[in-house]
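Here's the structure, in structure tokens; my notes come after.
We did not get these values from a lab; they are worked out from the coordinates using the rules stated. Note that the structure is a prediction, hence the values are computed from the model and not measured. Every residue, glycine among them, receives a Cβ derived from its backbone with ideal geometry; neighbour counts consider all protein chains shown.
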Amino acid sequence: MATVLIVGKPNVGKSTLFNRLIRKRKAIVEDDPGVTRDSIQDRVEWRGKFFTLVDTCGIFENPEGIVEKKMKEMTLDMLKEGDLLLFVVDGREGLTSEDHHLADFVRKSGADVILVANKVEDKKKYENEVKPELYSLGFGEPIPVSSEHSLNIDTLLEKIVEKLESKGLELKEEKWEEAIKVAIIGKPNVGKSSLFNTILGMERTLVTPLPGTTRDAVDEEVEVDGKRYIFIDTAGMRRRSRIEPKTLERYGTYRTVEAIERADVVILVLDAMEGISRQDQRLAGLVERRGKAIVTVFNKWDLVEHRERRKKEYLQLFKEKLYFVDFSPLVFVSALKGWGVEKVMEYIEVSFKSYTTKVPTSSLNAALEKLFLISPPPSKGGRKVRIYFG
């Protein structure tokens with residue numbers, strides 16, 4: 001499927017445009033610059049034509065912190081992967097040095113570009129003051145839109161389809177077998193994104209030593225040995241009492257719960273250096289109450305001393321503190337070194353098969369009969385309770 005990337009400096013409305021084009025609220029939208037920290041993708045359908053749309057991190061001209069530097073590096077690496085780039089600028093304020101800085105990288109990538117002027121609600125001001133200077137970027141006629149108010153979005157979609165088809169790309173819906181949806185959850189800084197990237201074999205989410213780097217639930221499709229998976233990397237979940245209301249972190253937490261609900265299999269990532277905390281138990285409870293298959297992973301196993309000798313100790317800890325999900329396979333991994341990741345994939349498949357297995361009525365009745373022979377239900381008024389089997 002053809003791939004279209006949305007690029008631009010922070011706070012020009014890339015995520016609002018992304019949500020508008022895919023027709024749902026998937027990317028987090030806030031006024032603070034740098035909200036999108038990971039690339040998020042989804043499918044767009046327009047009049048029977050299909051393509052993949054990717055919302056990228058905003059690029060700071062002079063990134064200061066480790067997170068901003070990593071965001072810039074990731075987005076620049078992705079420029080060569082798209083069949084088409086939507087270069088988004090602010091149609092209210094006009095160009096800044098950051099726009100020109102990013103435009104240099106876009107030109108060097110050699111990619112086809114559509115210049116999108118977002119936030120154009122005042123057409124007169126745009127035509128007279130902003131539009132003339134946009135030609136200096138060298139990307140041709142800009143398309144004015146207002147993502148927030150859904151103005152001129154149809155024109156943009158028509159232009160995208162026209163550009164992709166002019167490159168000889170077929171915009172047909174790809175017929176995949178149903179994918180296994182896998183959500184990766186855990187507290188902040190347990191290595192969820194590192195595990196996600198190791199499984200995918202490429203960087204799609206931001207990996208830094210800072211807790212709370214991932215804010216969104218990030219989907220990525222991958223095919224392994226002919227089988228299709230959708231992996232969902234989620235924001236780290238802290239205790240609710242520690243999260244301020246109406247914040248990005250609170251919204252990211254809601255998205256994590258939503259990711260669990262739409263997953264078939266959930267990977268619960270624990271920090272082997274910290275053991276199992278109350279918050280780990282809460283997260284496991286969220287999965288158990290929603291009836292999802294679960295694979296439990298002790299990450300950072302490379303940092304544990306006397307590993308082989310201590311496996312029994314960790315198994316006992318698991319049985320004591322996560323007894324309510326003791327059916328879960330337990331895997332010891334190092335996401336950074338790649339240890340045990342193949343085993344994780346193995347157990348995802350096993351857990352999915354168990355999760356989707358339908359138990360025949362006859363087998364269920366036989367099991368219930370045995371259970372009632374061992375422990376009959378209490379009598380009522382001296383009379384035995386009769387059990388009717390399906």
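Going by average Cβ density within 10 Å per residue, which order do the peptides 285-293, 311-319, 266-274, 78-86 take, highest to lowest? Provide the component values of the computation, followed by the final result.
Working: 285-293: 16.0, 311-319: 13.7, 266-274: 22.6, 78-86: 19.6.
Result, highest mean first: 266-274, 78-86, 285-293, 311-319.
Working from label points 7 Å from Cα in the Cα-to-Cβ sense, the Lys337 to Ile374 distance is 4.1 nm. For a paramagnetic label modelled on Ala367 (point 7 Å from Cα along Cα→Cβ), amide N atoms under 19 Å away belong, within segment 284-304, to 288-295. Extending 7 Å from the Cα toward the beta-carbon at both His100 and Arg228 defines two label points whose distance is 4.6 nm.
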